[in-house]
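Shown next, in structure tokens, is the structure this report addresses.
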Amino acid sequence: MDSARNNYLLAAATCCFVFALAHLGCIVFGGDWYRFFGAGEQMALMAEQGLWYPTIVTSIIVLVLLAWAFYGLSGAGAIKRLPLTKLALMLITGIFLLRGVLFIWLMPLFPENSLTFWLISSGTCLFIGGLFAVGCWQQWAVLGKVTGQA
């Protein structure tokens with residue numbers, strides 16, 4: 001696999017790393033960062049009170065985004081192939097695209113989150129999901145040509 005030929009998966013992985021860092025910033029810098037990113041006043045207040053909930057939830061998001069970033073790099077051939085890379089990339093792509101599209105149904109579950117949060121985060125998810133989708137299509141099309149399975 002030639003990573004130089006798959007800038008889409010590399011860009012998707014980079015986006016995941018950047019958003020993992022932003023979430024980590026919320027943990028480190030507290031309530032103001034939760035507010036800035038639109039996570040809701042309740043999360044911001046809990047973070048300011050030193051409660052564990054925002055840290056746990058945000059840490060899980062950080063770990064998931066980091067795992068997805070590494071799978072993106074693996075699919076692009078930039079790092080060693082991880083187990084079940086193709087399946088993982090299909091699931092990651094689907095989750096990002098579904099999160100981007102289904103936010104209307106998620107909004108009532110998180111009433112503290114602002115409309116701006118939902119629009120920006122959903123648009124971002126669609127964008128990253130699109131990068132993963134095109135990157136996967138490109139990678140598998142290239143592999144199919146190399147192996148004669150196209």
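The values are calculated or read from the model by the stated rules, or taken from the named source; none is laboratory data. Bear in mind the structure is a predicted one, so any value in this text is a computation, not a measurement. All Cβ positions, glycine included, derive from the backbone under ideal geometry; neighbour counts span all protein chains shown.
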Lone unmet requirement of (1) over 30 Å from residue 135 (Cβ atoms); (2) in contact with an Asp or Glu (Cβ under 8 Å, 6 or more places away or on another chain); (3) surrounded by 15 or more Cβ atoms within 10 Å (Cβ to Cβ) for residue 34: (2)
Within the stretch 50-84, how many residues turn out to be over 13 Å from the mean Cα position of the chain (by Cα), loosely packed, with under 12 Cβ neighbours inside 10 Å and under 16 Å from residue 34 (Cβ atoms)? 3
Name the residues in the stretch 99-111 that are more than 16 Å from residue 65 (Cβ to Cβ), touching a residue at least 24 places away in the same chain (Cβ under 8 Å) and surrounded by 14 or more Cβ atoms within 10 Å (Cβ to Cβ), would you? 110
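Out of 11, 22, which single residue is of a type in the set (A, V, I, L, M, F, W, C), under 21 Å from residue 85 (Cα atoms) and part of a helix (DSSP H, G or I)? Lay out the reasoning, then the answer.
Working: 22 fails: under 21 Å from residue 85 (Cα atoms).
Going through 11, 22 in turn, just one is of a type in the set (A, V, I, L, M, F, W, C), under 21 Å from residue 85 (Cα atoms) and part of a helix (DSSP H, G or I): 11.
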Cβ-Cβ below 7 Å, separation at least six or inter-chain, first residue in the stretch 28-56 and over 20 Å from residue 108 (Cα atoms), second of a type in the set (Gly, Ala, Ser) and not in a helix (DSSP H, G or I): which pairs? 47/30; 48/30
Checking residue 4 against (1) aliphatic (A, V, I, L, M); (2) under 18 Å from the mean Cα position of the chain (by Cα); (3) modelled with pLDDT under 95; (4) assigned to a helix (DSSP H, G or I): exactly one of these is not met. Which one? (2)
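Restricting to the stretch 85-112, name every residue that is within 18 Å of the chain's Cα centre (by Cα) and over 20 Å from residue 17 (Cβ atoms).
Of everything in the stretch 85-112, those that are within 18 Å of the chain's Cα centre (by Cα) and over 20 Å from residue 17 (Cβ atoms) turn out to be 86, 87, 90, 94, 98, 101, 102, 103, 106.
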Could you tell me how many of the residues in the stretch 12-49 are within 20 Å of the chain's Cα centre (by Cα) and among the polar types (S, T, N, Q)? 1
